[in-house]
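Colleague: Take a look at the following structure, please.
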Amino acid sequence: MTPWIPDFAPRIPGLTVERLQAWLPTIITVAVVLVAVVVALVVTSRLLRRVAPRTHWYLIGFPLLRLRMRHSWRHLCLNADLTGTDRPTTGQLGPLLVKGRPIMPVLPLLTRIRPRSFGATAVILLHPGQVPEPFVNAAEAMAHAWQVHAVRVDARLRGRVRLTILTADPLTSPRAGAGGGAWTIEPPQRSAAVASDPQDAITKSVTAAVAVPADLAAEVGHREDGQRWAIDLATFPHWLITGATQSGKSTLINAAVARWASRPVALVGIDCKGGMELAPHAPRLSALATDRAEAADILAELVAETQRRMRLCRQHGARNIWQLPEPVRPVPVIVVVDELAELYLVASRADKDEALRATTHLLRLAQLGAALGVHVIVAGQRVGSDLGPGVTALRAQLAGRICLQVNDPETADMTLGDLYPDAVEAAQQIDPAVKGVAVTTAEHSGWIRARSVYLPPEHLAAVIAGTAHLAPVLPGLTPPERRE
Ligand SMILES: Nc1ncnc2c1ncn2[C@@H]1O[C@H](COP(=O)(O)OP(=O)(O)OP(=O)(O)O)[C@@H](O)[C@H]1O
Ligand SMILES: [Mg+2]
């Protein structure tokens, strides 16, 4: 029986009904095999994704992303105004000079698309005359076009922008926030001098073991680009940490203190919430203030210490303590203030004088301390001028910024807006359900999202107990463990 072929079916030269009948079994077999191969590929891909996500990414995910990027690049550039031109955009029409958009735009070159464990990186080569701003603004459009979690645009290089493409939010994975098990007590790098006799304190403080600036980077978690996140006092001498209640400020401070604890540094705590937050650090602290009066006294002693250090630098013709000869170089001091508002907010006139004394000394420390090895880490829920006079002056000294989840846009703006306006929106988008996620300053320019590690209390206690003997005695200050 000859199969019915409709009249309107396209005529293929040489194709007869007999031949079609002869090829039919082969055609059906090929179709079945193709479908089977596709199904097998899909199933294998899903299985591979579950059991070996990294292999899946390199073998399947990344090549597909690369295809998507290449395929959508032209449309993306045209729609997001990323094109350049090699022709003049003005021309003469009769007696008129007209200006317009180029009809034949030139696409910037998307190149060096490389797979990474977190997604991919790529470089865009700009045409002469192109500026990076439109690329920074198009980050969201790129993420949509390429169906990825986010695209970060680094515009610091001349003539090119670097893209970091994140396929998923690495900070929301359970691994990112945990990490307690990966923490080990670092062996003390060098024993800091411990002065048992307060008379000896000044000498001991200046002859205590030396920390080069590199010792002052405390790893506190992971950045979204897969690198380790460090609060580095060599990059930014003072830091501001803001976040709503329960956003992870104290957890972050715990992680940093646990790192610094094994280094030759003096740690001073100012915790006017009655010492609730910093009490676990007490054995390793060189001083702890649990109310504002104590804070004012401790900060006054530290200001006096910076003046002593200034004199020492003058005597040796040094411009900072790192230029001093090793035997006389004083130990770095890190002052941690947990909840800044407790220093500023006043209820009575007596409170006002005390608050003014404490906050003026804190501001002076921040202004003078950087070159003298005195560093300030300030945490608080808000840092606006509503707290009192001098807050904005203090904030201006705290160049390192960390903004955890906040409840109001003003706090994000106050923390990041003056330095990195484009980071404010990223800070506002932090999910309150994922604790410890922050937008932080990175190196000398730029910002990045990161997540702190959660250090279980018993682990922190072990680190503090193991390093308590390293707490130096500072002039005029009594370590909390030695108080009656
Ligand atoms: N990086 C993190 N990973 C997992 N959980 C975290 C992380 N950071 C904080 N948390 C959780 O959030 C809780 C609150 O954190 P934390 O006490 O540090 O907040 P806070 O900002 O200091 O709050 P407050 O302003 O009330 O003092 C912690 O008990 C911890 O369970
Ligand atoms: Mg806290």
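Throughout, read-outs are computed from the coordinates displayed, never taken from laboratory work. Note that the coordinates shown come from a computational prediction; the quantities given were computed from them, not determined experimentally. Here Cβ is always computed from backbone atoms with ideal geometry, including for glycine, and neighbour counts include all displayed protein chains.
Colleague: Provide, for q = 0.10, 0.17 Å⁻¹, the log10 of I(q)/I(0) from a solvent-free Debye sum over equal Cα point scatterers in segment 20-175.
Modeller: -0.54, -1.01
Colleague: Then there is this: For a quick check: with amide H placed at 1.01 Å from N, whose amide H comes under 5 Å from residue 229's, ignoring anything fewer than 5 positions away on the same chain?
Modeller: Counting only residues 5 or more places away or on other chains, the set is 220, 221, 222, 223.
Colleague: Need the full-extension length gain, residue 33 to residue 47, defined as separation in residues times 0.36 nm minus the C-alpha distance. One decimal, nm.
Modeller: Taking 0.36 nm per residue and subtracting the Cα distance, the gain is 3.0 nm.
Colleague: Kindly express, to the nearest 10 degrees and within the range 0 to 90, the angle between helix 62-79's C-alpha long axis and the longest C-alpha principal axis of the chain.
Modeller: The angle comes out near 90 degrees.
Colleague: Compute the distribution of all C-alpha to C-alpha distances in segment 42-110, in bins of 10 Å from 0, and list the percent of pairs in each, rounded to whole numbers.
Modeller: Spelled out bin by bin, segment 42-110 gives 18, 27, 19, 17, 10, 6, 3, 0 percent.
Colleague: Charges on Cβ only, +1 for Lys and Arg, -1 for Asp and Glu, centred on the Cα centroid of segment 174-482; of 373, 242, 226, which one is farthest towards the dipole's positive end?
Modeller: Farthest towards the positive pole: 373.
Colleague: Also: For segment 320-328, just list the computed ³J(HN,Hα) in residue order, Karplus coefficients 6.51, -1.76 and 1.60, θ = phi - 60°, integers in Hz, with x standing in for Gly and Pro.
Modeller: With coefficients 6.51, -1.76 and 1.60, one gets 7, 5, 6, 8, 6, x, 3, x, 10 Hz.
Colleague: Leaving out same-chain residues fewer than 8 places away, which aspartates and glutamates sit with a Cα under 13 Å from that of residue 273?
Modeller: Within the straight-line cut-off, residue 273 pairs with 291, 294, 338, 339, 342.
Colleague: Could you work out the relative contact order of the chain, using alpha carbon pairs under 8 angstrom and six or more residues apart, expressed as a whole percent?
Modeller: Over the chain, the number comes to 17 percent.
Colleague: What's the FRET efficiency of residue 419 with residue 133 using the Cβ-Cβ distance as r and R₀ = 22 Å, to the nearest 0.05?
Modeller: Given R0 = 22 Å and the Cβ-Cβ separation, E is 0.80.
Colleague: Separate question: In straight Cα distance, which aspartates and glutamates are under 17 Å from residue 99, not counting same-chain residues fewer than 8 positions off?
Modeller: Here the aspartates and glutamates satisfying the reach criterion relative to residue 99 are 81, 86.
Colleague: Also: With everything on Cα atoms, drop me the angle between helix 457-467 and the longest principal axis of the chain, reported from 0 to 90° to the nearest 10.
Modeller: 50
Colleague: Dipole of the chain, Cα-centred, from +1 at each Lys and Arg C-beta and -1 at each Asp and Glu C-beta, to the nearest 20 debye?
Modeller: Its charge dipole is roughly 1980 debye.
Colleague: Once both axes come from the Cα atoms, what is the angle between helix 292-316 and the longest principal axis of the chain, in degrees from 0 to 90, rounded to 10?
Modeller: 90
Colleague: From the Cα gyration tensor of segment 214-365, with a ≥ b ≥ c the square roots of its eigenvalues, which class applies: rounded if a/c is under 1.5, or else prolate if a/b is larger than b/c, or else oblate?
Modeller: oblate
Colleague: Cα-based Rg (one decimal) and Dmax (whole number) for the chain, in Å?
Modeller: Taking only Cα atoms of the chain, I get Rg and Dmax of 30.7, 115 Å.
Colleague: Gain in length, residue 15 to residue 273, computed as 0.36 nm per residue apart minus the alpha-carbon separation, to one decimal in nm? Intermediate values should be presented prior to the final figure.
Modeller: On the way: separation 258, 0.36 × 258 = 92.88 nm, distance 8.94 nm.
Difference between extended and current length: 83.9 nm.
Colleague: Answer rounded, prolate or oblate for segment 400-452, using the Cα gyration tensor with square roots of eigenvalues a ≥ b ≥ c: rounded when a/c is under 1.5, else prolate when a/b is larger than b/c, else oblate.
Modeller: oblate
Colleague: If you don't mind, there's one more thing I want to ask. For segment 349-390 and segment 246-309, what is the separation of their C-alpha centers, rounded to whole Å?
Modeller: 14
Colleague: With only alpha-carbon atoms counted, please give the Rg and Dmax of segment 364-484, in Å.
Modeller: 17.4, 50
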